Amino acid sequence: MINQIAFGTSLLVAGVAAYFSVIGLATIFAGSFWPVVVMAGVLEIGKLVTAGFLHLRWSDINRAMRYYLMTSVVVLMLITSLGIFGFLAKANIEQTLQGDSYSLELSILDKRLDAKEKELGRFEERLANLDFIIDTARPEDRNYIDRRQRDERAQIATDIDLVVSEIVELNEEKMPIQREQLVQEGEIGPIKYVAEMLYGEDVAKDKLDNAARILIFFIIFAFDPLAVLLLVASLGIMARENDPLNPAFSTDEVAVPKEKIADGNDYIQTKRRYFPRK
């Protein structure tokens, strides 16, 4: 049962790795998305079949073909890993760009808020100047000056109300962006802790991309090689189990053809071949 489980697990891991790789390669060569998907998918199938074929028929093919197929499997594993890297890197870049987009929007809103607050300050300063003129005028002239300032004060009050309402609108516009930014920062929290573990808290914020890249390398070096090796191992064991002349896990008697045993040396070699555990 464990062999069947290992075989099924290897196909599952290989399927997930193939999906990531195909999408990643298609993203790298986005100009020909579907042709790349077809090509990468066929190569993934060919890689698994070739790896299993090599393991089961290693002694039945000549050396040149053996080394070529082995090299092809290794190269295809590297291509798969490259595709997985492209897929995961794209996801990390999109997340980073989303955070940068929030920061840019908030920066623009902050500049607009700063401009409005400066405008409000100018209006308040103008009111203060008008008050200063009245306060420093002669008592008998204050009523006259106040009447002269009335229209200007009314206009300034209107302008202040308008600016204050714009400031309130800008702050309300900032709030949903700030909430989205907090959610996005929560999503990158795990990689932030990885960066802090690798580089320290002081520079972790500037090393998030490096930490993500290191984590991606760990994933790709364990992903596809695990699938291929687990497939090869499970296929080999199942083939030995199902071979009536090679019962590695059976205690039943096996009929060995007489012509296979010509002398003592042949008998020893035959015994080792058909009964590897004995």
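Using only Cα atoms, find the angle between the long axis of helix 264-274 and the longest principal axis of the chain, and express it within 0 to 90 degrees, rounded to the nearest 10.
So the helix axis and the longest Cα principal axis differ by about 30 degrees.
7 Å from Cα along Cα→Cβ at both residue 179 and residue 12: what's the point-to-point distance in nm?
Spacing of the two 7 Å Cα→Cβ label points: 3.8 nm.
Calculated from DSSP H runs of 4 or more alone, at -39500 (n - 2.57) each and per residue, what is the 222 nm mean residue ellipticity of the chain, nearest 500?
So the calculated ellipticity at 222 nm is -30500 deg cm²/dmol.
Find how much the distance from residue 96 to residue 151 grows on full extension, using 0.36 nm per residue of separation minus their present alpha carbon separation; answer in nm with one decimal.
Length difference between fully extended and current span is 14.5 nm.
Taking the Cα-to-Cβ direction at residue 138 and at residue 193 and moving 7 Å from each Cα, how far apart do the two end points lie in nm?
For the pair residue 138/residue 193, the computed spacing is 7.9 nm.
Rounded to two decimals, what is the ratio between the C-alpha radius of gyration of the chain and 2.2 N^0.38 Å?
Ratio of Rg to 2.2 N^0.38 Å for the chain: 2.00.
Just to verify a number: FRET efficiency for residue 29 and residue 170, C-beta to C-beta distance, R0 = 41 Å, to 0.05?
Calculated value: 0.40.
Please identify the trypsin sites (Lys or Arg not before Pro) of the stretch 198-237 that satisfy two criteria: DSSP loop assignment and at most 15 other Cβ atoms within 10 Å. Which are they?
none
Go ahead and set up a Gaussian network model of the chain, Cα springs under 10 Å, then flag whichever of 125, 187, 105 fluctuates most.
Sorting by GNM fluctuation, first place goes to 125.
Rule-based calculations on the coordinates, nothing more; no lab input. As the structure is a computational prediction, the values presented were derived from the model and not from experiment. Here the Cβ is made from the backbone with ideal geometry for all residues, glycine too, and neighbour counts use every protein chain on show.
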